[in-house]
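Remarks on the structure that follows.
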Amino acid sequence: MDNKQVTKSERGGWGSHFGFLMAAIGSAVGLGNIWGFPYKMGANGGSAFLLVYLVLVVLCGMCVMLGELAIGRKTGLGPVGAYKALCAKHTWLGYIGVLCGFLIVSFYSVLGGIVLRYCVGYIVSMFGGDGWAGQGTGFFGYFLYQGGEMILYFAIFMALNVVIVMGGIKGGIEKFSTIAMPALFVMLLGIIVYILCQPGALEGYKFMFTPDFTYLKDNFFTVVTRAAGQMFFSLSLGMGCMIGYGSYLSKKSNLQKSAVTIVISDTVIALMAGCAVLPAVAAFADQSYGKGPGLLFSTMLTVFDNMGGFLGNFIGFLFFFLVLLAAVTSSISLLEVCTTFVVDKRLSKGKPGNRKIVTTIAAVIAFVIGIPVTLDALGSGNAAIMFPGEILGLEKVPMFFDCWLDLYDGIAEGILMPVGALVMTFLIGWVYKTKMVKDECECEGNKFFAFKFFDICFKVVTPIIMAIVLYGQIADFF
Ligand code: TRP
């Protein structure tokens, strides 16, 4: 780069390798694991979905994770600066990442706001009040139409993110994740054990782990597309989030080991979330697994309601508080992509980074983008504003257009992220060459394992699977 060389101290960096791992695992573990994974597994054939998911994690997730971390550390810059440094012609890939960052953090924080409202609801109920506005287990359907309250909780959740990201890499993101992630793990473990002891819970495990391949045979394409989309989202891949986190990493850190640790941890926690949610649904909510997105926000309400009394409210609070921690450690990584982009740019021009102001402005932009998501009642109809399909006057509304959240999610997760991952792995395999990743991993004496495997994944396997996913998305659209 012809720009001014930016020193590490101006940008900041992780305080310890453990801190980095907690932040990166924190980014990966989020609503995608606790909300998305159990319901997608529930709706896509249980064990068959799990099997495909695991295969994809090994064949794609691992190498994309490693690729992003390596590009980040090699260049020491966020996605836009990193691609520009590698080859100016590829800078657009970085901009796609920043665009995804804004789109995802906006709807993600609306969901985070709802989770926050549930925590408040359980606290109020625990102390004898009615946290559910007289709606009982029907609260979710009611809350969706409370636009003002949705915006309020969305704003509080966003403000929480701003405070953390303002604190910088070490003093904000790392500090929060190092406390939140172990706490989350312990709470999740406690809930799993408690649920396991309830009569009827084992049905949920049977549903998860009994192989049923007829479903897979009949729906192979759909299962692969859904599992791959879920995997990318869950691992925070395809939009440069891990490029950013990698850029703050010291040259001594073992990248390959880190990539494997992050991927395994995320997968284990998704499975653990499945082991908390699905057996709970089996024991307390008549095995209604296939409820789609409502699984977390309405079925789980029924679960804790049927548990009854103070205990039900207490476990309910613990569960949603754990979801809240998971959501915050993820959304800060998305807001960080938007922040890093501007801070890097300012530093390279010799200006002060102004992280605090930049973070605030980025959050305000994301907040404005997110407002439609709070007002269309997730496409349930008769809401304060119309959803995209309604505005376009479509007779048959494809998934993309059935609410603002699905539109943002469809553009980011459905199109931009698979394109990002496809082009990135292709570039690593054929243009920058896998050796670049190997050299970066080995730069301070760490050994690189399984070069052939990663080389084939970068060159062929991941690009092909990404192309299938894109095709599946586009076919879904029509
Ligand atoms: N992985 C997070 C989850 O599972 C969400 C997330 C954080 C994300 N950063 C991301 C998704 C970057 C895609 C890209 O909830």
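Shown in residue order for the range 206-215 are the 3J(HN,Hα) couplings computed by the Karplus curve 6.51 cos²θ - 1.76 cosθ + 1.60 at θ = phi - 60°: 4, 4, 6, 10, 7, x, 9, 8, 5, 4 Hz (x for Gly and Pro).
The phi-based Karplus calculation (6.51 cos²θ - 1.76 cosθ + 1.60; θ = phi - 60°) puts the 3J(HN,Hα) values of the range 113-129 at x, 5, 4, 4, 4, 5, 4, 4, x, 6, 5, 4, 5, 4, 9, x, x Hz, whole numbers, x for Gly and Pro. Excluding same-chain neighbours fewer than eight residues apart, the aspartates and glutamates reachable from residue 175 by a Cα-Cα span under 15 Å are 336.
Can you work out D for the range 1-135 in µm² s⁻¹ from Stokes-Einstein, where Rh is the Kirkwood radius over C-alpha pairs, the temperature is 4 °C and the viscosity is 1.567 mPa s? Could the numbers behind the result be given before it?
Details: Rh = 18.8 Å.
My calculation gives 69 µm²/s for D.
Report relative contact order for the chain in percent, whole number only (criteria: Cα-Cα under 8 Å, sequence separation at least 6). Write out the running numbers ahead of the final one.
Details: 753 pairs, mean separation 148.5, N = 478.
Value for the chain: 31 percent.
Near the amide H of residue 78, within less than 5 Å, lie no amide hydrogens of residues on another chain or at least 5 residues away, with H placed in the peptide plane.
A helix-only calculation puts the chain at -21500 deg cm²/dmol for mean residue ellipticity at 222 nm, using -39500 (n - 2.57) for each DSSP H run of at least four residues, averaged over all residues. Potential lengthening of the chain between residue 451 and residue 268 amounts to 63.4 nm, from the contour at 0.36 nm per residue minus the alpha-carbon distance.
Please state the shape class of the range 204-333: rounded when a/c is under 1.5, otherwise prolate if a/b exceeds b/c and oblate if not, all from the C-alpha gyration tensor. Write out the running numbers ahead of the final one.
Working: a/c = 2.45, a/b = 1.38, b/c = 1.77.
It is oblate, given that a/c is not under 1.5 and a/b is not larger than b/c.
Other residues with beta-carbon under 11 Å from the beta-carbon of residue 19 carry, at +1 per Lys or Arg and -1 per Asp or Glu, a net charge of +1. With a cut-off of 12 Å between beta carbons, the residues surrounding residue 376 carry a summed charge of -3, where Lys and Arg count +1 and Asp and Glu -1. Computed from backbone phi with θ = phi - 60° and the Karplus coefficients 6.51, -1.76 and 1.60, the 3J(HN,Hα) list for the range 346-352 is 5, 5, 5, 8, x, 8, x Hz; x is used for glycine and proline. Residues whose amide H falls under 5 Å from that of residue 131, counting only those 5 or more places apart or on a different chain, are 125, with hydrogens built in the peptide plane.
Report relative contact order for the range 224-380 in percent, whole number only (criteria: Cα-Cα under 8 Å, sequence separation at least 6).
Details: 64 pairs, mean separation 23.8, N = 157.
Dividing the mean separation by the residue count of the range 224-380 yields 15 percent.
Based on Cα contacts under 8 Å between residues 6+ apart, the range 373-478 shows a relative contact order of 26 percent.
Listed as lacking a disulfide-compatible partner in the chain: 60, 87, 100, 119, 197, 241, 275, 338, 403, 441, 443, by the criterion of no other cysteine Cβ under 4.7 Å.
For the chain, the average shadow cast by the Cα convex hull is 21.6 nm², which is a quarter of the hull's surface. Decide, for the range 359-463, between rounded, prolate and oblate: order the square roots of the alpha carbon gyration tensor eigenvalues as a ≥ b ≥ c, take rounded if a/c falls under 1.5, and otherwise choose prolate if a/b is larger than b/c, else oblate. Here the range 359-463 falls in the prolate category.
Throughout, read-outs are computed from the coordinates displayed, never taken from laboratory work. Small disclaimer: the values here were computed from a predicted structure and weren't measured. Note that each Cβ is placed from the backbone with ideal geometry, even for glycine, and that neighbours are counted across all protein chains shown.
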